[in-house]
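The values are calculated or read from the model by the stated rules, or taken from the named source; none is laboratory data. Note that the structure is predicted; figures quoted are calculated from it, not measured. Here the Cβ positions follow ideal geometry from the backbone for every residue, glycine too, while neighbour counts run over all protein chains shown. Note: areas computed on protein heavy atoms with side chains; ligands, DNA, RNA excluded. Shrake-Rupley method; radii C 1.70, N 1.55, O 1.52, S 1.80 Å.
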Amino acid sequence: MKITIIGAGYVGLVTAVGFAELGNEIMCIEKDSSKLNKLSQGISPIYEPGLTEMLQKHIKQNKIHFTDKIEDGIVFGDIIFLCVGTPQNDDGKADLSQVEEVAKEMAKNMKSYKLIIEKSTVPVNTHQWVKTVIKRYVRKNIEFDIASNPEFLKEGSAIRDFMNPDRIVVGLEGERAKLIFEQIYKSFTDKEVPLIITTPAAAELIKHASNSFLATKISYINMVSALCEKVGADINMVAEGMGYDKRIGRDFLKAGIGYGGSCFPKDVKAFIKIAEEHGIDFNLLEEVEKINTTRRIKFVEKIEDILWIIKDKNIAVWGLAFKPNTDDIREAPAIDIVRELEKAGANLRLYDPKANENFKSIFSEKQNLKYFKDKYDALKDADALLIITEWDEFIKADLSRVKENMKLPIIIDGRNIFSAKIMKEKGFEYHSIGREKFNPGEVWK
Ligand code: UGA
């Protein structure tokens, strides 16, 4: 099938490459010229495992084309996925100006039937606006359908998630659109992946409701972890005990310093606003957000409780990306934590396997804030090591080397990546979240 993807951001690019892998011919529209230039040469502007290889393969096989000419894309595919950005306005609402702009272009350039599919995360009933805009601007009486087909990929495992979805959600009106979707996703439904066909409004809601629910789960477990710290229980054991209940499930019960990224913070805010606009006070989600912000502050307070004076202390930081396997630092907890420690006068020694360069766009290198290419070098002379992102290479780190390199073997782990027992045996003063409490100076001598 010929498919057009408008917007080669995170979702758009993975969707483009994923549909090419399923045997379709793709035209991807991107208006940012530097991004377009990179993409045309097979260079992915984002780090995502497996993406570059797949991109290069499909460019070579002529299955995927990139252009900035939206009119060509509209003519090319009968199926058009809208993957443009829906950033957050100052008041938390989604900015839908790019969606409107594309809808107008669509109206101007459509010459035959089109199935227009929202993939970007949008507020409920955006499909009605897209339909209205197209009807207002279209020149001739050309048939089209609007559908919503939200994406549930996670950064760091986006290609795998695309190729192995838990479910596919499609909100549509009419038999013609339904038949096209059944064809698009046939290879998945043949493998018994559930295809949930519903109304566009329900599909739009499913996306926001799913992300907000997952964020709620994280804030919930983080509050339980705060209680664990007070009473001396281990949050990992508590989460495991809860998670075996199938109704609760084990995923997204990892306590730590809270969620970040381009989705949860923005989507929770947007969902609160959507509810508010419809006269619903969704204060549960306001609490979820508040808890998430507070976890970062509490982590900095924990560092102060452990190190006392921050000024002039050498603090190594492992992990800047908002989660492992990505170079994305949007809304990353590391931003707030580094900012607070810098204000308090620490000498910061930062390391991330992929996100150093992106982090430099917020914190430029200076005397008291240095970036390292090697995680062990970042530890030289450190009074403490903070673990902010749970990259696999940290979990597998050589702890003897870690200890040798540091001035003091103090680790403050925001992601609970090590066993407290092993750390004790290895002579670390190891602090983590919602687990065994160490008094400063207790263990490492
Ligand atoms: C999230 C959703 O998981 C995807 O289903 C959705 O498609 C995507 O948003 C989106 O809307 O595009 P993503 O933001 O890439 O995906 O990453 P997650 O793995 O969900 O992690 C989000 C944040 O929650 C990270 O900061 C992570 O560290 C944190 N987290 C996750 C926890 O603190 N604890 C957990 O147990 C799980």
**OP:** Quick one: THR389 ticks every box in (1) surrounded by fewer than 20 Cβ atoms within 10 Å (Cβ to Cβ); (2) assigned to a loop (DSSP other than H, G, I, E, B) except a single one, so which number is it?
**Re:** (1)
Original post:
So which residues in the stretch 189-223 are more than 14 Å from the ligand (Cβ to nearest atom) and out of contact with any strand residue (DSSP E or B) (no Cβ under 9 Å at 6 or more places or on another chain)?
Top reply: ASP190, LYS191, GLU192
Original post:
Among the numbered criteria (1) in a loop (DSSP other than H, G, I, E, B); (2) open to solvent by less than 50 Å² (accessible area, probe 1.4 Å), which single criterion is violated by PHE252?
Top reply: (2)
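Residues are listed down the side, and each one gets a yes or a no for (1) open to solvent by 20 Å² or more (accessible area, probe 1.4 Å); (2) not aliphatic (A, V, I, L, M):
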site: GLU276; (1), (2): yes, yes
site: ILE280; (1), (2): yes, no
site: ILE297; (1), (2): yes, no
site: ILE303; (1), (2): no, no
site: LYS323; (1), (2): yes, yes
Subject >> Residues within the stretch 337-350 that are open to solvent by less than 20 Å² (accessible area, probe 1.4 Å) and touching a Lys or Arg at 6+ places or on another chain (Cβ under 8 Å), tallied >> reply: 4
Original post:
How many residues are assigned to a helix (DSSP H, G or I), within 19 Å of ARG349 (Cβ to Cβ) and in contact (Cβ under 8 Å) with a residue 40 or more places away in the chain if we restrict to the stretch 392-434?
Top reply: 2
**OP:** Kindly list, by first and then second residue, each pair from a residue in the stretch 214-239 that is open to solvent by 30 Å² or more (accessible area, probe 1.4 Å) to a residue that is near the ligand (Cβ under 9 Å from one of its atoms), limited to pairs with Cβ atoms under 8 Å and residues at least 6 apart or on different chains.
**Re:** LEU214/PHE252; LEU214/PHE264; LYS217/PHE252; LYS217/LEU253; VAL224/ALA239; VAL224/ALA255; ASN236/ALA255
Subject >> Residues (aliphatic (A, V, I, L, M), in contact with a helix residue (DSSP H, G or I) (Cβ under 8 Å, 6 or more places away or on another chain), outside any loop (DSSP other than H, G, I, E, B) and without any contact (Cβ under 8 Å) to a residue 60 or more places away in the chain) located in the stretch 149-187 >> reply: ILE168, VAL169, VAL170
Original post:
So which residues in the stretch 257-274 are open to solvent by less than 20 Å² (accessible area, probe 1.4 Å), in a helix (DSSP H, G or I) and within 13 Å of the ligand (Cβ to nearest atom), if there are any at all?
Top reply: PRO265, ASP267, VAL268, ALA270
Original post:
Could you list, in sequence order, the residues of the stretch 224-249 that are among the aliphatic types (A, V, I, L, M), more than 9 Å from the ligand (Cβ to nearest atom) and not in a loop (DSSP other than H, G, I, E, B)?
Top reply: VAL224, ALA226, LEU227, VAL231, ILE235, MET237, VAL238, MET242
Subject >> Members of the stretch 115-136 found to be open to solvent by 40 Å² or more (accessible area, probe 1.4 Å) and either charged (D, E, K, R) or under 18 Å from THR4 (Cβ atoms) (or both), listed by number >> reply: LYS131, LYS135, ARG136
